[in-house]
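The values are calculated or read from the model by the stated rules, or taken from the named source; none is laboratory data. Not measured: the values here are computed from a predicted model. Positions of Cβ are backbone-derived with ideal geometry, glycine not excepted, and every protein chain shown enters the neighbour counts. All accessible areas refer to the heavy atoms of the entire protein, side chains included, with ligands and DNA or RNA removed. Shrake-Rupley method; radii C 1.70, N 1.55, O 1.52, S 1.80 Å.
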Amino acid sequence: MRGFTDFRNYESADVELVPGANLFVGSNGQGKTNLVEALGYFATLGSHRVSSEQAMIRQGADAAIVRARLRHLEKEVLLEVQLNRVGPNRAQLNRNQIKVRELPRHFSTVLFAPEDLALVRGEPSGRRRFLDELLVLRSPRLSGVITDYERVLRQRNTLLKSARASGVKGTALSTLDVWDERLISLGSEIIEARSTLVSELQPAVYEAYIAVAGEDHHTKLANRLSIFGGDPDSEANDQDTTATVDAAEAATRFRESLDRLRRNELDRGVTLVGPHRDDLVLGLNGMPARGYASHGESWSFALALKLASARVLREESNVGDPVLILDDVFAELDESRRQRLADAVSGFEQVLITAAVFGDVPEKLAKHTVRIDRGRIVDPEEPS
Ligand SMILES: Nc1ncnc2c1ncn2[C@@H]1O[C@H](COP(=O)(O)OP(=O)(O)O)[C@@H](O)[C@H]1O
Ligand SMILES: [Mg+2]
């Protein structure tokens, strides 16, 4: 059970979620995505569609409040978050104030959305984000490492640019050495964490792909590391690695690359190697999926990545399975993928599905249906 106030187009709403599948049906623009976005906030402290939280507060209201009662085995917790137009947001656990950033410790979600296709077909940055979000869900500490890396990267780039402008003086170069050490140490930690994650995801993705596609297309995940000379913009690369790389090895290669590229970096004023230039290469039948996979195969791969993350999160969770959110995905899939996806997700404790067209959703996920109409939750229909 949960409720929310002044969230997006909802003035006030309560919705009872059942274990298993919950389907929300309504025509476009009624508030289906808003509803799952509200719940997703507890897990991601953000939204999958906007970077600004202001957009989540109902127009004309000062604050949005979302409340969720979560039950896992015998344990029940009440989470609450208040997003404020002005001033910091607030969070509560069982009516006691906690830090907002502690919310995700109590709840996790895996979101499937039409935009997931870009995981396969889009730019490397989307795949890096996919890995990093999963890393942070698994070990929240890494959120700080990633933020620090990004900050050091920005400062180092600024320094490279100013060194270029001032004609490379000795002092600028020694300051650069200091930033290099920070960059290498944080970056190597990220490279190791991503590398371990990818090797854990590999078997789960392989199985999930077969489950969704109904065929084995020899899916493979590999890291393309810029410190090994891998260029994220090239389609095929001998440097792709499936082996795990630990932080010590990464640091050595990182340092070598920076030494080798110093001239070039000073010329261009940007940092040319590091986890911000890496890619996760998705292989399908021995070829890169990006550029080779068909529309259906790309969808199967995207779904497999999400299913595999859910599986990995489930294995180490002590607050129960992640809640799977399937926002508008069935409309994108052909009939056989719809059925197989339904089978693959139905083993999870709770699944939330949104659809504009009831008939797009396989029957086994449509037992508990709630209609959404202009920011209102219409009484659930009788379970069939
Ligand atoms: N902050 C807000 N205040 C009021 N209405 C909003 C706000 N943000 C979005 N909306 C409205 O919510 C509706 C979209 O809801 P959404 O959940 O995306 O629809 P769908 O059912 O198609 O998923 C739009 O009508 C939009 O104008
Ligand atoms: Mg929507």
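Quick notes
- For first residues located in the range 350-376 and in contact (Cβ under 8 Å) with a residue 60 or more places away in the chain, partners that are open to solvent by 80 Å² or more (accessible area, probe 1.4 Å) and part of a strand (DSSP E or B) and lie 6+ apart or on another chain with Cβ distances below 7 Å form the pairs Gly375/Glu11.
- Pick from the range 349-374, criterion within 13 Å of ligand 1 (Cβ to nearest atom) and closer than 17 Å to Asp334 by Cα, ranking: surrounded by the fewest Cβ atoms within 10 Å (Cβ to Cβ): Val357
- Complete set of residues in the range 280-301 that are open to solvent by 10 Å² or more (accessible area, probe 1.4 Å) and either part of a helix (DSSP H, G or I) or of a type in the set (Asp, Glu) (or both): Arg290, Gly291, Tyr292, His295, Gly296, Glu297
- Matching residues in the range 1-16 - criterion: being outside any strand (DSSP E or B) and either surrounded by 20 or more Cβ atoms within 10 Å (Cβ to Cβ) or within 16 Å of ligand 2 (Cβ to nearest atom) (or both): Arg8, Asn9
- Looking only at residues in the range 313-348 that are part of a loop (DSSP other than H, G, I, E, B) and out of contact with any helix residue (DSSP H, G or I) (no Cβ under 9 Å at 6 or more places or on another chain), the one that is surrounded by the most Cβ atoms within 10 Å (Cβ to Cβ) is Ser317.
- A residue that is open to solvent by less than 70 Å² (accessible area, probe 1.4 Å), part of a strand (DSSP E or B) and near ligand 1 (Cβ under 8 Å from one of its atoms) occurs somewhere in the range 51-58.
- Ala304 meets all of the listed conditions (1) touching a residue at least 12 places away in the same chain (Cβ under 8 Å); (2) open to solvent by 40 Å² or more (accessible area, probe 1.4 Å) but one, namely (2).
- Whichever residue in the range 17-57 is away from ligand 2 (no atom under 14 Å from the Cβ) and among the hydroxyl-bearing types (Ser, Thr, Tyr) and, among such residues, is modelled with the lowest pLDDT: Ser51
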